[in-house]
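Below you will find the structure I want to go over with you.
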Amino acid sequence: MSLLCGQGMVACFLVFLVFLSQSLSVSYLKFDKISGASEESLIFLNDANPTALLDASASTQRIVYFAQKSPPLGLKLNFACHVNKQAKPLDKVSLCCRSSVQDTKRACVQPEAEGTFSCLNTEFRFSADETTGANFSISLTQDGPLSNPISGLFSCIVGTDELNVIESNEIEIRDAVFYILQLKGTPSTKIDVVPPISEFPYELRCVDDISIVSRWPYWMHQLDGRYGPYRWEYCLTTGRPNAITCSKRPIQFSPNSIVEFINGSVYLTDAPLVESKSIAIVCKHVGQLGPIRTFAGKVTGTESPVVLEGLSIEKTRNSSTTKLYPLTSLTSSYVINKGTKLQDFMLKALYRQPKGDYEFHWFKDEQMLHSRIATKYSYTLPSLIDESVSGVYSLVVKSNEDISDRLIFTYDVKVVSPPFFKDPRCLKELFYVMEGNNFGSVCEFDGRWNTVVYVGVASFEASSFQELRMSIDKNLKYSKQQLSQLDIVFHVDGEEMNKRITVNITKLKLNQDCELSIRLHSIYGQSRISTSLKVVPKPQLTISPSDENCIKDCDETPYNVSCALNENIVQEWKSKFNIEPSIDWIIQNHWTKAHLESTGLGQFITSNGGYDKITTNDQKKNLG
């Protein structure tokens, strides 16, 4: 639009500056951050931390372990699925669950008011608010053991209608308590007689049936010894103790004396301890008061036996071992989540070694590890797990006399995490686009572990833009015709850790408002971000300045040009989008009114209420 002014032919262009703000008057959804909610991606509910509060605003998946080892149980997880307060009641507040990351089907439950409901055989308590969302909670109490573990991935969905729907990232629950409770033990005053030990390491078992551990999920094996129920100690046999008195005067083993496993087995590796002291070994269960099992060299034959002699070593030890012999598997693999906090988590290797000149070395990715935390039977991982821990570890034990006599134990340690956006703000919570303009966003992400990217519009998503466009056209053709014609394209490029997705929507039309989401999915979890996209109608002038061009006598008297916006659109901006418009002039396509001094061109532009006008007079002859 232009206005031709006087003999100097000064070109005057109009520009409309729009100031955007967010408030409750704007109808959109976002998950609220809750004060006191944990921001950790990995949470352990245990003796020291029995409760946790999570909210739905996190931009990536989280994992919660129920891992308390000591009764009474009193673990509780609270999940606050709250959104910004809505003017109208929410149409949907649902909790969804699926059994695993590989499970493509999920069940969703929409509770009312408050009460309890079940999802994946897990009982949830809930309380809902029609304008802000709902609270969900799970508890483990001492009322009785569960027949199934609390397990699965849980998320919440909130919507105001079929198009304005947002979904939280999932929370994966891992119930270690259920599996730990399978490792039972009954208090006993019996004492097992151990014949003189001929070879070390020597295995003892707190319980006879340890096969149950083979059916555990993989993540149970990444728990360190803090969460196992068994405790191994020893006592001196002076005074002829029975099993109970032995358990009441325990002495802790040094780290190099035994190698423990969470299933209740232990390997005694310290022959000098047995030779130098008369000891009995006792196994306890944290859920029981008395000893579970006691081991000694010689006892009385009564119903309540006492220890006569401690463990011993065979004096004429003629080992049957002539070469290195493995007692544990030569290959192991561990998948550990990034951010895990471990305590004395060891890569363990047990083997029998004949007499002779032998040496051992620990390696990581073929580089030798020189560390005080490495022993001939174990290597302790760092307490805080990050990506630097990933790698292939190996223990090489070899004879310096026979090159064929060697063992290599290999451990493949993967440190994983759900795929994540490097900057979740690449999609803002609320985004305005002027009618007829384009929308574009580029989001960088870590795309390892075969990450698949899904883009969603409303409640429909797909991994290719062709499939997404077909889906929204099929499902919205009749109910939301404009949105069904959304011209959206997206593509992924880059390499593994440095990938990016580019999303473009061209020539947006009115009534193409929608919730736009991007979801990253891998076998180790997922991350989701979203934006509420609003299409703002174009501004309109009541009268176009081009209709008021002066052809002659422009410099004789002041000439007013009105510039007023269509009031209906102004009111729609305010009520629907909370937008306050402002009008500015650009003179000679270079200077804006705000930059013009009052003594220069600025004196010819004045404002009259809600209108701007430009005046001309004789002075204008000198401005051309």
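The values are calculated or read from the model by the stated rules, or taken from the named source; none is laboratory data. A quick note: this is a predicted structure, and the numbers were derived from the prediction, not measured. Positions of Cβ are generated from backbone atoms using ideal geometry, with glycine treated the same way; all protein chains shown enter the neighbour counts.
So which residues in segment 110-130 are outside any strand (DSSP E or B) and small (Gly, Ala, Ser)?
If the condition is that a residue be outside any strand (DSSP E or B) and small (Gly, Ala, Ser), then Ala113 is the only one that fits.
Every residue, every condition in (1) closer than 27 Å to Leu45 by Cβ; (2) outside the structural domain of Pro305 (by TED's automatic domain parsing); (3) part of a helix (DSSP H, G or I), yes or no:
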position: Ser188; (1), (2), (3): no, no, no
position: Pro195; (1), (2), (3): no, no, no
position: Glu199; (1), (2), (3): no, no, no
position: Glu203; (1), (2), (3): no, no, no
position: Val207; (1), (2), (3): yes, no, no
position: His221; (1), (2), (3): yes, no, yes
position: Trp232; (1), (2), (3): yes, no, no
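So, in segment 180-200, of the ones that are modelled with pLDDT under 95 and crowded, with 20+ Cβ neighbours inside 10 Å, which residue ends up nearest to Trp216 (Cα to Cα)?
Only one residue fits best here, namely Ile180.
I need every pair where a residue in segment 426-439 that is under 9 Å from Lys507 (Cα atoms) has its Cβ under 7 Å from the Cβ of a residue that is exposed (fewer than 15 other Cβ atoms within 10 Å of the Cβ) and of a type in the set (A, V, I, L, M), sequence separation at least 6 or different chains.
Glu435/Leu510
Out of curiosity, is Lys348 in contact with an Asp or Glu (Cβ under 8 Å, 6 or more places away or on another chain) and either surrounded by fewer than 12 Cβ atoms within 10 Å (Cβ to Cβ) or in contact (Cβ under 8 Å) with a residue 24 or more places away in the chain (or both)?
When the stated conditions are applied, Lys348 does not pass them.
Quickly run through segment 201-248 and pick out the residues that are more than 30 Å from the chain's Cα centre (by Cα) and without any contact (Cβ under 8 Å) to a residue 12 or more places away in the chain.
Asp208, Asp209, Ser211, Gly239, Thr245, Lys248
Here's a follow-up. Failed condition for Leu289, given (1) outside any strand (DSSP E or B); (2) outside the structural domain of Tyr227 (by TED's automatic domain parsing), with all others met?
Failing condition for Leu289: (2).
Counting only residues that are under 24 Å from the mean Cα position of the chain (by Cα), under 20 Å from Leu29 (Cβ atoms) and part of a loop (DSSP other than H, G, I, E, B), how many does segment 82-109 have?
Qualifying residue count, segment 82-109: 1.
Here is a further query. Step by step: first the residues of segment 376-387, then only those that are of a type in the set (Ser, Thr, Tyr) and over 15 Å from Ile408 (Cα atoms), then the one that is modelled with the lowest pLDDT. Which residue is that?
Only one residue tops the list, namely Ser383.
Given the criteria among the β-branched types (Val, Ile, Thr), under 30 Å from Trp449 (Cα atoms) and in contact with a helix residue (DSSP H, G or I) (Cβ under 6 Å, 6 or more places away or on another chain), does Ile313 qualify?
no
Scan segment 299-346 residue by residue and report those that are at pLDDT 85 or above, not in a loop (DSSP other than H, G, I, E, B) and not assigned by TED's automatic domain parsing to the domain that holds Val259.
Tyr325, Pro326, Thr331, Ser332, Ser333, Tyr334, Val335, Ile336, Asn337, Met346
Output yes when any residue across segment 131-142 is at positive phi, buried (at least 20 other Cβ atoms within 10 Å of the Cβ) and in a strand (DSSP E or B), and no when none is.
Yes; the residues of segment 131-142 include at least one that is at positive phi, buried (at least 20 other Cβ atoms within 10 Å of the Cβ) and in a strand (DSSP E or B).
Each row is one residue, and each column tells you yes or no for (1) in a strand (DSSP E or B); (2) touching a helix residue (DSSP H, G or I) at 6+ places or on another chain (Cβ under 9 Å); (3) surrounded by 15 or more Cβ atoms within 10 Å (Cβ to Cβ); (4) hydroxyl-bearing (Ser, Thr, Tyr).
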position	(1), (2), (3), (4)
Val396	yes, no, yes, no
Ile403	no, no, no, no
Phe409	yes, no, yes, no
Phe431	yes, no, yes, no
Gly436	no, no, no, no
Trp449	no, no, yes, no
Gly456	yes, yes, yes, no
Gln466	no, no, no, no
Ser471	no, no, yes, yes
